[in-house]
Amino acid sequence: MKTLTAFRRFSATLFVVLFIASCSSDDDNNEPMNPPQANNIVDLAIETPELSSLVAALQAADGNLVSLLQTNGPFTVLAPTNDAFAVFLSDNGFASLSDVPTDLLSQVLLNHVISGSVSSNDLAGIGAGYTSTNATGAGGASMSLYFNTANNDVRFNNVSSVSTPDVSASNGIIHIVDGVIGLPDLVDHASANPEFSNLVAALGTADGGLVALLQGTGSFTVLAPNNDAFSTYLADNNFSGLGNVPTDALSQILLNHVLTGVTFSADLLSSGAGYSNTNATGAGGNPMSLYFNTSNRVKFNGVSTVIAADVVASNGVIHAVDAVIGLPTVVDFALADPTFDTLIAALTRSDLTFDYVGTLSTPNGTSPAPFTVFAPTNEAFADLLTELNLASLADIPEATLKATLDMHAVAGANVQSSVLMDNMNIATLGGNITANVTGGPTLTDGNGRISNIIAVDVQASNGVIHAIDMVLLP
């Protein structure tokens with residue numbers, strides 16, 4: 001028995017994530033060495049002349065795959081023809097199957113095996129999406145497999161089509177396919193899915209060899225904007241097409257969607273909220289920060305939501321997102337992180353004559369950027385109101401509020417925590433404060449009030465933020 005669950009549908013037709021598993025309590029599927037079943041998948045492959053190369057490959061590979069595919073299963077096997085294997089060997093410079101490393105051959109073959117019985121009607125009913133194979137991808141997770149049934153052609157990873165569907169076996173189903181499905185890297189997965197065609201075009205247009213980077217051996221997490229996301233980005237920024245975006249800017253924007261290492265959705269959910277670094281470059285040449293929050297779905301920098309998670313490749317994982325994540329300013333981070341809601345309320349109070357948001361959004365390279373912002377948390381502002389015996393921010397006089405806010409911003413400097421030292425004088429817009437690092441980083445204002453720096457180095461495109469637990473006073 002099999003279960004197909006459409007995890008989520010997106011856009012007009014694409015993006016469906018499948019979880020395929022046997023649900024029969026009688027199958028003992030966790031014991032792969034139960035007795036061979038009559039007319040099993042291996043028997044049928046042996047009886048089919050055009051699958052003789054597949055049989056030879058199963059026998060040559062590591063992992064006792066023949067015995068596995070003789071057990072109860074059920075399994076769905078995408079069975080490449082002899083011609084498909086001949087092309088695979090030629091394309092990869094192998095003279096014969098014996099030249100393919102057995103561990104690689106095993107993984108390639110397992111990439112054609114899906115746990116559960118999946119018929120062509122099952123695939124056609126869903127249209128397009130992802131399932132998992134028995135191959136091992138990045139982070140030890142099961143490799144993802146993309147399928148698309150458009151134009152009456154069932155294709156996998158856009159490299160292999162079903163030529164003979166639904167060959168029934170006692171322990172599953174065989175679909176004979178016309179191409180060997182290699183182990184997909186991140187670019188392969190993006191290229192296979194038409195919902196990522198704008199992303200693929202952008203990667204090819206940008207500076208910096210991004211395609212080669214994402215085809216390499218390093219592990220990455222890619223936040224992949226879909227086509228609608230790119231269309232919105234271009235319209236919002238008055239670009240008629242990707243070719244009108246400066247290539248250096250496009251490169252940095254794309255790198256802002258690439259994290260080093262493998263981060264699955266479960267990792268984000270277990271953390272709840274926080275910051276990571278992307279491969280983009282912020283002010284001062286430092287890695288750009290990325291804020292994530294899972295309180296209402298998984299969002300990045302408050303502007304982009306995950307719409308399909310955990311597409312596993314050989315060298316990383318893709319999370320499809322519904323918006324392009326621009327290069328954030330210090331204001332963008334403060335807006336995204338609810339820890340700074342009260343700070344934003346203070347900066348945007350209607351009676352202030354100084355435009356803090358506009359000033360702190362100044363691009364890097366244009367005076368007075370870059371900025372260092374010591375950002376009081378909501379609790380810090382609440383403590384200040386209690387200390388001053390005030391009911392709300394509205395009770396603070398405008399001149400006092402401006403003078404107070406000025407104590408938290410440094411213009412013309414991107415001061416990372418690594419630069420701080422004991423008795424270091426820092427000139428803010430509102431006056432001098434003193435940094436110390438022994439026993440933990442702190443800031444002391446002219447009144448002798450000491451604020452702990454509780455989070456450091458939130459790197460933006462035009463400056464850096466450090467969170468503090470006490471409001472500094474002039």
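Remark on A280: its backbone amide H falls under 5 Å from those of N256, V258, M288, a criterion applied only to residues 5 or more positions apart or on other chains, H modelled at 1.01 Å from N. Across the stretch 44-54, computed HN-Hα scalar couplings (Karplus, 6.51 cos²θ - 1.76 cosθ + 1.60, θ = phi - 60°) run 5, 5, 4, 7, 10, x, 6, 10, 5, 5, 4 Hz from first to last residue, x flagging Gly and Pro. A helix-only calculation puts the chain at -7500 deg cm²/dmol for mean residue ellipticity at 222 nm, using -39500 (n - 2.57) for each DSSP H run of at least four residues, averaged over all residues. Pull out a ≥ b ≥ c, the square roots of the eigenvalues of the alpha-carbon gyration tensor of the stretch 184-228, then state rounded if a/c is under 1.5, prolate if not and a/b is larger than b/c, and oblate in the remaining case. It is oblate, given that a/c is not under 1.5 and a/b is not larger than b/c.
Applied to the stretch 457-474, the Karplus parametrisation 6.51 cos²θ - 1.76 cosθ + 1.60 on θ = phi - 60° returns per-residue 3J(HN,Hα) values of 6, 7, 8, 10, 5, 10, x, 9, 10, 10, 7, 10, 9, 9, 6, 7, 10, x Hz, with x for Gly and Pro.
Once you order the gyration tensor axes a ≥ b ≥ c over the Cα atoms, which shape class does the stretch 28-167 get: rounded for a/c under 1.5, otherwise prolate or oblate by comparing a/b with b/c? If you can, show how the numbers build up before the last one.
On the way: a/c = 1.32, a/b = 1.09, b/c = 1.21.
Cα axes put the stretch 28-167 in the rounded bin.
The amide H of S361, built 1.01 Å from its N in the peptide plane, has no neighbour under 5 Å, considering only residues 5 or more places off or on other chains. Placing unit charges on the Cβ atoms only, positive for Lys and Arg and negative for Asp and Glu, gives the chain a dipole magnitude near 520 debye about its Cα centre.
Per residue, the average separation of C-alpha pairs within less than 8 Å and at least 6 apart gives the stretch 331-468 a relative contact order of 24 percent. Each residue, A273 and T386, gets one label point 7 Å from its Cα in the Cβ direction; the gap between the two is 2.0 nm.
What the Cα convex hull of the stretch 93-170 gives, in volume per residue, is 139 Å³.
Judged by the ratio a/c of the largest to the smallest principal axis of the C-alpha gyration tensor, the stretch 331-468 counts as oblate, that ratio being 1.5 or greater while a/b is no larger than b/c.
Quote the relative contact order of the chain in percent (integer), defining contacts as alpha-carbon pairs under 8 Å separated by 6+ residues. Working shown, then result.
On the way: 1034 pairs, mean separation 51.9, N = 474.
Relative contact order here is 11 percent.
Highest mean packing first, where packing is the average number of other Cβ atoms within 10 Å per residue, the peptides 79-87, 420-428 line up as 79-87, 420-428. Toward the positive end of the charge dipole of the chain, with +1 on the Cβ of Lys and Arg and -1 on the Cβ of Asp and Glu, the farthest Cα among L69, L89, M143 is that of M143. Radius of gyration (Cα atoms) of the chain, expressed as a multiple of 2.2 N^0.38 Å: 1.22. Show log10 I(q)/I(0) for the stretch 242-353 at q = 0.19, 0.23 Å⁻¹, two decimals, from a solvent-free Debye sum over equal Cα scatterers. Normalising to I(0) and taking log10 leaves -1.07, -1.38.
Read-outs throughout are calculated quantities, based only on the coordinates presented, and are distinct from any laboratory measurement. Nothing here was measured: the structure is a model prediction, and the numbers come from that model. In this analysis, Cβ positions are derived from the backbone assuming ideal geometry, glycine residues included, and neighbour counts consider all displayed protein chains.
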